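The values are calculated or read from the model by the stated rules, or taken from the named source; none is laboratory data. Here the structure is a predicted model, which is why all the values come from computation and not from measurement. Reconstructed Cβ throughout: ideal geometry from the backbone, glycine too, with neighbour counts over all protein chains shown. Keep in mind that these areas ignore ligands, DNA and RNA; they rest on the heavy atoms of the full protein, side chains included. Shrake-Rupley method; radii C 1.70, N 1.55, O 1.52, S 1.80 Å.
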Amino acid sequence: MDVATRRFDVDAHTARLREQGYTVIEDFLDADTVAAVRDGLAPYLGRHHGRNDFEGFRTERVYTLVARGRVFEELTEEPRLMALLSRFLQPGFLLTASQAICIYPGETAQDLHVDDGFYRVPRPRPAISYTVIVAVDAFTAQNGGTEIVPGSHLWGDNGAPDRPNDRAEVERRLTPMEIPSGAAVVFAGTLLHRGGANRSDAPRLAFTNQYCEPWARTQENFYLGVPREQVAAMSPRLKQLLGYEVWPPFMGQVTASHPAKALEPGWIPPVVAQRPAG
């Protein structure tokens, strides 16, 4: 266990997450890891911008980041993060999304949104997913840093008595995350937030992983997105995060077998192996 892990106060971060809906891990990445992340992303950036206003017409995204290099594998299962998320999500929780986000100068602010709103369960409710956003470039109020509405993770649905109905009032409560390079903000999937407008003269680079309950459908289909031979070389915890595990009693089974068997050399799907001859 390294020094950062030993001194990590999971109880304090848990309390902040419960009360405010977010917490910041200031020393999530050291300088060497930030450099490794930059190097790992370099071959994939500069290719295309978003396809719609939500993705951002002046924002670039690299999806399925977990499969883009060893550094991203390691950060997806980072010990402090796993310890914190285990306070909120059930054992066997999954990775649901993994991407890098680079917001270029001139990008406008995103619409306010929550990250687990596609789970159509009435609010107020516990979050079904949690989001981690890691600042590769420092976040400022000018360069498109994430903006959050503290406490909004506890609000009900639109029209609920505890939720402001005036959009201007909600936006007045927005708090920009001004955090240094290497810091991470962790927040509940029920927290209102948005990517800010980049009014600076430089891009703002970050990456994000999202994690969900083991029974929830994931945003990214990692079974198709990550080649099986690549998954086979990953750590046991990362395989589990990608869904190669059974959630008791039998969610995720493959024709009554453990999904990890699909990673064995020469594996043939049972529906093929058991197909009648002729």
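In table form, for the structure just shown:
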{"item": "Cβ pairs under 7 Å, 6+ apart, first in the range 187-214 and more than 20 Å from Y104 (Cβ to Cβ), second charged (D, E, K, R) and part of a loop (DSSP other than H, G, I, E, B)", "result": "G189/D115; G189/D116; T190/D116; T190/R123; Q210/D115"}
{"item": "Qualifying position, being open to solvent by 10 Å² or more (accessible area, probe 1.4 Å) and on the phi > 0 side of the Ramachandran plot, among G117, G151", "result": "G151"}
{"item": "Residue check, V121 β-branched (V, I, T), more than 17 Å from R58 (Cα to Cα) and free of Cβ contacts under 8 Å to residues at least 24 places away in the same chain", "result": "yes"}
{"item": "Odd one out for L224 among (1) in contact (Cβ under 8 Å) with a residue 12 or more places away in the chain; (2) at negative phi", "result": "(1)"}
{"item": "Whichever residue in the range 31-50 is open to solvent by 70 Å² or more (accessible area, probe 1.4 Å) and either more than 20 Å from G195 (Cα to Cα) or at pLDDT 95 or above (or both) and, among such residues, is nearest to the chain's Cα centre (by Cα)", "result": "R38"}
{"item": "Top-ranked residue in the range 233-259 [being assigned to a helix (DSSP H, G or I) and open to solvent by less than 40 Å² (accessible area, probe 1.4 Å); ranked as nearest to L75 (Cα to Cα)]", "result": "L238"}
{"item": "Of all residues making up the range 267-278, the number that are in a loop (DSSP other than H, G, I, E, B) and either open to solvent by less than 70 Å² (accessible area, probe 1.4 Å) or not small (G, A, S) (or both)", "result": "6"}
{"item": "Condition check for S200: of a type outside the set (V, I, T), open to solvent by 10 Å² or more (accessible area, probe 1.4 Å), in contact with a helix residue (DSSP H, G or I) (Cβ under 7 Å, 6 or more places away or on another chain) and modelled with pLDDT of 95 or more", "result": "no"}
{"item": "Matching residues in the range 1-30 - criterion: being under 23 Å from D137 (Cβ atoms), more than 19 Å from the chain's Cα centre (by Cα) and open to solvent by 80 Å² or more (accessible area, probe 1.4 Å)", "result": "D30"}
{"item": "Every residue from the range 155-169 that is of a type in the set (G, A, S) and open to solvent by 50 Å² or more (accessible area, probe 1.4 Å)", "result": "G159, A168"}
{"item": "Evaluation of Q230 against (1) loosely packed, with under 15 Cβ neighbours inside 10 Å; (2) part of a loop (DSSP other than H, G, I, E, B); (3) not hydroxyl-bearing (S, T, Y) (one fails), failing number", "result": "(2)"}
{"item": "Total residues in the range 124-144, condition crowded, with 18+ Cβ neighbours inside 10 Å and modelled with pLDDT of 95 or more", "result": "14"}
{"item": "Helices (runs of 4 or more DSSP H) wholly inside the range 1-102 containing at least 1 residues that are free of Cβ contacts under 8 Å to residues at least 60 places away in the same chain", "result": "3-6, 10-20, 31-41, 70-76"}
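Conditions (1) of a type outside the set (A, V, I, L, M, F, W, C); (2) more than 18 Å from V185 (Cβ to Cβ); (3) open to solvent by 50 Å² or more (accessible area, probe 1.4 Å), marked per residue:
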{"site": "N52", "(1), (2), (3)": "yes, yes, yes"}
{"site": "L75", "(1), (2), (3)": "no, no, no"}
{"site": "P91", "(1), (2), (3)": "yes, yes, yes"}
{"site": "T96", "(1), (2), (3)": "yes, no, no"}
{"site": "I101", "(1), (2), (3)": "no, no, no"}
